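Beneath this line is the structure, given in structure tokens, with notes to follow.
A short reminder: the numbers here are calculations on the coordinates, not readings from a lab. The shown structure was predicted, so the numbers you read here are calculated from the model rather than taken from an experiment. Neighbour counts run over all protein chains shown; Cβ positions are idealised from the backbone, glycine included.
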2 protein chains.
Amino acid sequence: MAIHKKESFSQKEQDLAAFAKALAHPARIAILKVLAQRNECICGQIVDILPLAQSTVSQHLKELKTAGLINGTVDGPRSCYCINWKAFDKFNEEFSFLFNKLKVQNEKACC
Amino acid sequence: MAIHKKESFSQKEQDLAAFAKALAHPARIAILKVLAQRNECICGQIVDILPLAQSTVSQHLKELKTAGLINGTVDGPRSCYCINWKAFDKFNEEFSFLFNKLKVQNEKACC
DNA sequence: TTCTTTAATCGTATATTTGCGATATAAGAT
DNA sequence: ATCTTATATCGCAAATATACGATTAAAGAA
């Protein structure tokens, strides 16, 4: 592909895309669902639920954390994770700003 | 990676992930923004705005269309696109159902 | 100290995505 | 019929993502 052009887009566009990207895998959706239901979880509990190897789950958790969707803290030999609701709120807002606001003013018939 | 395991997740998880995936690139966010602002656009107008080749834009449009985020109809030699607001509403709902509802009941302190 | 438990990271194979030029297609204009 | 315009598709190269086993790291238990 030669060169990636992601940088040529606005920061907001990149941020929204990055958030969406973190959600763009069913395993990560499933992880978030578990965290939402239980408020917090250690990695092992998630490994027990998902049909994936420990290393794979750990990698997905890392991506979610890097993207800012979850928080994680070390607790002895284990790691505790929970959803970063503030991030969800922020992106929900950005998303609405970009689309829903515009939607109201021009949900006309189109092609 | 051997085998893809996406199939082992629930349909709703897969659907949400697929929607997010369509949003997971700044170029596609930018395209949606343009469509939201102008209600409808032909491919060439988008090509003029984005810093990408015509073939690349066409590919992104195809992905958005396949994922159901936009509608597209042939209009003589050109193609007209617009946002499929119904899809946005549907996924907004799914998303809220999965996360926001749970959020209200347990936005406790966590790790 | 050594053993066990828990999780992160490394290395690697494979699949998918991104991007572009070139080409094909389709319809209106000449 | 040929030319022009607008877009889709093909073929390819490079970058990323996905998945897992093996290894490492870190801390509590024996």
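Nearest 0.05, what FRET efficiency do residue A:56 and residue B:53 give at R0 = 45 Å with Cβ-Cβ as r? About 0.80, to the nearest 0.05.
Each of A:111, A:14, A:32 was scored by the projection of its Cα onto the charge dipole of chain A, and the greatest displacement toward the positive side belongs to A:111; charges sit on the C-beta of Lys, Arg, Asp and Glu. Using a 7 Å projection from Cα along Cα-to-Cβ, the label point at residue B:37 is separated from the same position in the remaining copies by 4.3 nm, smallest value first. Residue pairs exceeding 23 angstrom between C-alpha atoms, taken from B:12/B:65; A:33/B:90; B:5/B:86; A:5/B:12; B:33/B:62; B:33/B:65: B:5/B:86; A:5/B:12.
For a 4.7 Å threshold on C-beta separation, the list of partnerless cysteines in the protein assembly as shown reads A:41, A:43, B:41, B:43. The ranking of B:73, A:56 by Cβ neighbour count inside 10 Å, starting from the fewest, reads B:73, A:56. For segment A:27-95, the fraction of C-alpha pairs farther apart than 20 angstrom is 23 percent. Estimated from helical segments only, the mean residue ellipticity of chain B at 222 nm is -17000 deg cm²/dmol, where each DSSP H run of four or more residues counts as -39500 (n - 2.57). Taking 20 °C and 1.002 mPa s as conditions, the protein assembly as shown diffuses translationally at an estimated 115 µm²/s according to Stokes-Einstein applied to its Kirkwood radius (Cα pairs). Taking 7 Å steps out from each Cα toward its Cβ at residue B:94 and residue A:42 produces label points 3.4 nm apart. Summing charges over all other residues whose Cβ lies under 14 Å from the Cβ of residue A:56, with Lys and Arg as +1 and Asp and Glu as -1, gives +2.
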